[in-house]
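Quick note: the coordinates plus some simple rules give every number you see, no bench work behind them. Since this is a predicted model, take the numbers as computed values, not measurements. Don't worry about glycine lacking a Cβ; one is built from the backbone with ideal geometry, like all the others, and counts go over all protein chains shown.
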Amino acid sequence: MKRTLEILALFLSVIMAASCSVAGQATMKPGANAPVYFAMEEMPDLLKCLPAPPVPGSDGFVYDSLRYEWGKEQRLDPAKAETVFRDALWQLDSVIAIFSEPFEMEITAKKTPQIYAALLNGIATIELIRIQPKAYYHRERPFVHFNEHMLTTWEEEGIAGEGSYPSGHTMRGWSAAMILSEINPAAADALFERAWEYGESRVIAGAHWQSDVDASRPAASIGYAKLQTSPAFRAQMKKAKKEFRRLSD
């Protein structure tokens, strides 16, 4: 079984790539691959919105440590481990493919261009708010703190020096669920169930503390509330809903 997981991890590491998104309503910034509706400085400040992460010795940190051990136990379940491997992929197209399943419609740039654009650019906008707190707190990741390997070992080198709080993966998953459930309200239960699991995958992987993940869900909601004030986003969502109705008939 261990050998099977190692092979799967190696396979996924080959196809994994970093994805980063920034840009204004109709602008792009260096390194961006998705336009966004607001610049980072226009987004809410999570340093003012959310509490600081737990510090070593606090009750919150004790809980985080217990959840880290819980995550290690979950790795023994092959089905959960396989989900964690898949959820670790960072490309936005990977996130979209994962959430296409509970959405019950394949979402691609070719087949559903309007839904795809709303989701891709919406997530790229919301996730901008994670940059400042990650840099400010620069929280040590659990696998670094305990000097142990993650389940998704290929990630270690790339994220060891990056702040743990909040979780970018969790924010992406929760953002996807919010956007897609607005387009298809009937799928909301399944979408948020998958989004919750998507965040927990990061605890099981050893990439994040539980409090990182827990803070990331309201963080994404804060970003989504700001997104609602963009006329361009609202216009794109109108197109996405129209496309969904047409394809659902």
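Which angle from 0 to 90°, rounded to the nearest 10, does the C-alpha axis of helix 210-227 make with the longest principal axis of the chain? The helix 210-227 is inclined about 10 degrees to the chain. Under the simplified labelling scheme, the Ala186-Lys110 pair shows an inter-label distance of 2.7 nm, with each label point 7 Å from Cα along Cα→Cβ. Computed from Cα atoms, the angle from the helix 92-103 axis to the main principal axis of the chain rounds to 80 degrees.
In terms of surrounding Cβ atoms within a 10 Å radius of their Cβ, Ser221, Ser201 rank from fewest to most as Ser221, Ser201.
Taking only DSSP H segments of four or more residues, each worth -39500 (n - 2.57), what value at 222 nm results for the chain once the sum is divided by all its residues, to the nearest 500 deg cm²/dmol? List each step's numbers first, then the result.
Working: 13 runs with 155 residues, N = 249.
It comes out at -19500 deg cm²/dmol, rounded to the nearest 500.
Computed from the Cβ-Cβ distance with R0 of 30 Å, the FRET efficiency linking Leu247 to Glu193 stands at 0.85. Think of the chain as a dipole: +1 on every Lys or Arg Cβ, -1 on every Asp or Glu Cβ, centred on the Cα centre; then among Thr152, Val203, Ser167, Ser167 lies furthest on the positive end. Sparsely packed loop sites in the stretch 36-109 (the GluC sites (Glu not before Pro) outside DSSP H, G, I, E and B with at most 15 other Cβ atoms within 10 Å) comprise Glu104, Glu106. The order of the peptides 203-215, 185-197 by mean Cβ neighbours within 10 Å, most packed first, is 203-215, 185-197. Candidate cross-link partners of Lys72 among the lysines, defined by an alpha-carbon separation under 26 Å and a same-chain spacing of 8 or more, comprise Lys2, Lys80, Lys134. Extents of the stretch 149-249, taken as max minus min of Cα coordinates on every principal axis and listed largest first, are 48, 27, 21 Å.
Here the chain is assigned +1 on the Cβ of each Lys and Arg and -1 on the Cβ of each Asp and Glu. Its dipole about the Cα centre then comes out at about 900 debye. This ranking places Thr152, Thr83, Thr125 by how few other beta-carbon atoms lie within 10 Å of each, fewest first, which gives Thr83, Thr152, Thr125. Taking amide H positions as modeled 1.01 Å from N, with prolines and chain starts lacking one, the residues under 5 Å from Tyr165 and 5 or more places away or on another chain are Arg139.
Contact order normalised by length for the chain, with contacts defined as Cα pairs under 8 Å and 6 or more residues apart; what percent is it?
Working: 383 pairs, mean separation 63.7, N = 249.
Once divided by the residue count of the chain, the mean separation gives 26 percent.
For the charge dipole of the chain, defined by +1 on Lys and Arg C-beta atoms and -1 on Asp and Glu C-beta atoms about the Cα centroid, which residue among Met43, Tyr116, Tyr136 has the Cα displaced farthest towards the positive pole? Positive-most Cα among the choices belongs to Tyr116.
Positive contributions from Lys and Arg (+1) and negative ones from Asp and Glu (-1), summed over other residues with Cβ under 9 Å from the Cβ of Ala88, come out at 0. Exposure proxy shown here: for Trp174, Trp70, the number of other Cβ atoms within 10 Å sets the order, fewest to most, as Trp70, Trp174. Relative contact order of the stretch 65-157: 23 percent, from C-alpha pairs under 8 Å at least 6 residues apart in sequence.
Just add up the charged neighbours of Ser201: K/R +1, D/E -1, any other residue whose Cβ is under 9 Å from the Cβ of Ser201.
Working: positive: Lys80, Arg86, Arg202; negative: Asp87, Glu197, Glu200.
Net local charge, Ser201 excluded: 0.
The separation of the stretch 78-92 from the stretch 105-125, counted between C-alpha centres, amounts to 21 Å.
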